[in-house]
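Everything on this sheet refers to the single structure shown next.
The values are calculated or read from the model by the stated rules, or taken from the named source; none is laboratory data. Note that the coordinates shown come from a computational prediction; the quantities given were computed from them, not determined experimentally. Quick reminder, even Gly has a Cβ in these numbers, built from the backbone with ideal geometry, and neighbours come from all protein chains shown. Ligands, DNA and RNA are excluded from the accessible area calculation, which covers all protein heavy atoms including side chains. Shrake-Rupley method; radii C 1.70, N 1.55, O 1.52, S 1.80 Å.
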Amino acid sequence: MLPRLSSTVARLVLAVFALQLLAGAGAILFLHSTLIGAARDERKHDVALLRDALIEAYYDGGRAELVEQMTARDDDTDVFMALTAARTSPGAAPLLLNVLHLPRISASAAPHLVEIRRARAAEPLSGVATARRLPDGGTLIVGAVITGERRFNVAFTEATGITIAVSVTLALVSALVLGLALDRRTRELAETARKLAAGDFTARVPPHSRGDGFDELRDQMNRMAERIDRLVSELRSVSGALAHDLRSPVARLTAALDTAMAASDTEHAREALAAARTDADALRTMLETALELARVEGGAVTDRRVATDLALIAEDLVELYEPLAEQSGVRLEAATRPVTAPVDRELVSRSLANLIDNALKYGGQRIVVSTAQAGAWAEITVRDDGPGIAEIDRSRAVERFTRLDNARTRPGGGLGLAIVDAVARLHGGTLVLGGEDGLIATLRLPRGLLPG
């Protein structure tokens, strides 16, 4: 999976790519300037040697010897020479060899760049030349054409084009490989964090013994996950054991209240005992629900998932709750569409019953139970027109024993939505709470069978 252009990894890839291109371009320019400089230095050295040889000939045999030595090199097209008239022959034409006009150059010891023409229609040529004032008043100009530099520039330009194409390809490939490697390592961490956030405390980051910072981050995350898993397991074990141990005392309390009610001879005592009996029943229900929640969250449930039409489950629950809804003055409706998913029918039915019961307690005058398909998900939705749950409270509403302010005066233990959320996660799905006018509770389950 390629990272998005706006992601940090994509920006890092582009930065690495740009830096590699700049480094490659800098290396190419440095190589070009170095080679050109070396070629020019060599030409300047050759010009200086030729100038010194001609000056030596001048001092040995005078102007005649100098002209003879210059003429002898007329066939060498890589060089050009010029000699202006002596002081004694001011009107004489200058001697020009391999050059059309006198180059514009001042007398100096070091050769420097000039431009010359060898024919009227010819393109100007680049060269290096030096000028030397002779004792007889004339000026000797000696230079060499940099013909190789032009050819070198053409060849270097062609080679540079190929080099840039290869460099761009290699830079892009290496940047992508680096980016994908970083993206894969960070996605492993993110996927483990996502599983931990979803309640799968057995999730761990896969090992990669490479000795980098990612390994240190992986080790710390795995240690954190192990500690969370241990603490949550201990908490669930304690709460489950506590709920289990309280079942017997509550059962004995219920039996004692029944006995006391039968033996009571006053109406006031019987009413008080009946109220206590109701509270004992609510406590027993809450303990049984807590035990069931611990069983579901602990994974102590046999995999009984089979392909089931969720519309049939919804219709059965609507039919079951219709009499209770009529007694409460609530209109309960079904708006189902066939949608099949591999589910544990008993657990999903219990979850849907909790959602309907929650809507009857806290909803308004109309409840609609619907089923639908949303891509790879199958959804059961319970919608009511009651006060709903504020967005800030929706994450807390699925926590166990959590009762919001508008529910504290109603019977219940704050475990209904917690069980629905646990069943959804057991199936690899989620419980989504939403809605602006009323509450929309959606049990979203995968339509494909998950392994394990």
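Overview of values
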| quantity | calculated |
| --- | --- |
| R0 of 25 Å, Cβ-Cβ distance Ala165-Thr34: FRET efficiency to nearest 0.05 | 0.65 |
| Residues with amide H under 5 Å from that of Gly386, placed H, sequence gap 5 or more | Gly364, Leu439 |
| Placed amide H near Val339: partners under 5 Å, 5+ positions off or other chain | Leu310, Ala311 |
| Karplus-derived HN-Hα couplings along region 257-262 (A = 6.51, B = -1.76, C = 1.60, θ = phi - 60°), whole Hz, x at Gly and Pro | 5, 4, 5, 5, 5, 5 |
| Amide H within-cut-off set for Val79, under 5 Å, with H built and near neighbours excluded | Val145 |
| Residue-by-residue Karplus 3J(HN,Hα) for region 269-281, coefficients 6.51, -1.76, 1.60, Hz, glycine and proline x | 5, 5, 5, 5, 5, 5, 5, 5, 5, 5, 5, 5, 5 |
| For region 17-151, projected area of the alpha-carbon convex hull averaged over all directions, nm² | 9.9 nm² |
| R0 of 25 Å, Cβ-Cβ distance Ala251-Arg345: FRET efficiency to nearest 0.05 | 0.30 |
| With all protein chains modelled, accessible area of Arg40 [1.4 Å, Å²] | 70 Å² |
| Rough spin-label spacing in nm, given labels placed 7 Å along Cα→Cβ, for Arg87 and Glu399 | 10.8 nm |
